[in-house]
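Below: one structure, written as structure tokens.
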Amino acid sequence: MAFSKKQLEILLFPKTKYTALVCDGAIRSGKTSVMSLSFLLWAMSNFDQQNFAICGKSVQSAVRNVIQPLMGVTYFPKNGFRLNYSISTHCLTVTRGSRTNRFFVFGGKDESSYMLIQGVTLAGVLLDEVALMPRSFVEQALARCSVQGSRFWFNCNPENPRHWFNEEWVIDREHKKNRLHLHFLLDDNLSLIHI
């Protein structure tokens, strides 16, 4: 599989100084698939016996957009990864060699959703379509990332410029966030380019 320059930047994000990755832009531009792959590889390379969160607007959307595509990546079984998703616990367990980590799936559909993620200690979080989630849920997910070396991974499509996530994380005029921002266009998904 060939990666575009911006997709390669996602894969290399774990080697940067940044603690957060924000990818926004066009639908079908290849953000989510490469971000999910990079998130899992980063987690398995750096942690053992830790919890992570994969969050979507709903559990179903996170499973559809992140979990199911990951389960179909042929690289994983060929390289000693075992992925097992439990529908009853909404948990993806990933093992490679002696390392095992758990990736819990959460839905952030309304203001009460933050209570679902309370109490868990996380080493990292991937928020898919973050602009569709309530601020209280997103902030609770970030607050749960207290393991040393934890990182935040955000992706979203264009939203109102006055949306709180745009103002705090995308625009970040005051450079308060230690984040890498990548804006995607359809041309950044090489699988859509026809010769």
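Brief remarks on what is shown
- Separation of the Leu12 and Lys176 label points, Cα + 7 Å toward Cβ, nm: 3.0
- Under the simplified labelling scheme, the Arg64-Arg99 pair shows an inter-label distance of 3.2 nm, with each label point 7 Å from Cα along Cα→Cβ.
- Distance distribution P(r), the chain, all Cα-Cα pairs, bin width 5 angstrom from 0: 1, 8, 17, 21, 22, 17, 9, 4, 1, 0, 0 percent.
- Inter-site label distance for Glu167 and Thr89 at 7 Å from Cα along Cβ, in nm: 4.0
- What region 1-131 shows is 47 Å² of accessible area per residue, with the surface traced by a 1.4 Å probe over protein heavy atoms.
- Of all accessible heavy-atom area on region 92-163, the percent that carbon and sulfur account for (1.4 Å): 49
- FRET E, pair Asn79, Leu185, Förster distance 25 Å, beta-carbon r, rounded to 0.05: 0.25
- Relative contact order computed over the chain (Cα-Cα under 8 Å; 6+ residues apart), in percent: 32
- At least 20 Å along the helix axis (C-alpha) and Kyte average at least 0.5, DSSP helices within the chain: 31-46
- Cα-centre dipole for the chain with unit charges at Cβ (Lys and Arg positive, Asp and Glu negative), debye to 20: 560
- Pairs of Lys residues in region 53-179 that lie 8 or more places apart, or on two chains, and have C-alpha atoms under 28 angstrom apart add up to 5.
- Under 5 Å, built H, 5+ apart or other chain: amide partners of Ser4: Leu190
- Distant-in-sequence amide contacts of Val147, defined by a placed amide H-H separation under 5 Å and a gap of 5 or more residues or a different chain, comprise Leu122.
- Rounded to 5, percent antiparallel among DSSP beta bridges of region 45-195: 45
- Using R0 = 22 Å, the C-beta based FRET efficiency linking Ser136 and Asn157 works out to 0.55.
The values are calculated or read from the model by the stated rules, or taken from the named source; none is laboratory data. These numbers come from a predicted model, not from an experiment. Cβ: placed from backbone, ideal geometry, glycine included. Neighbour counts: every protein chain shown. What goes into the accessible areas is simple: the full protein's heavy atoms, side chains included, and nothing from ligands, DNA or RNA. Shrake-Rupley method; radii C 1.70, N 1.55, O 1.52, S 1.80 Å.
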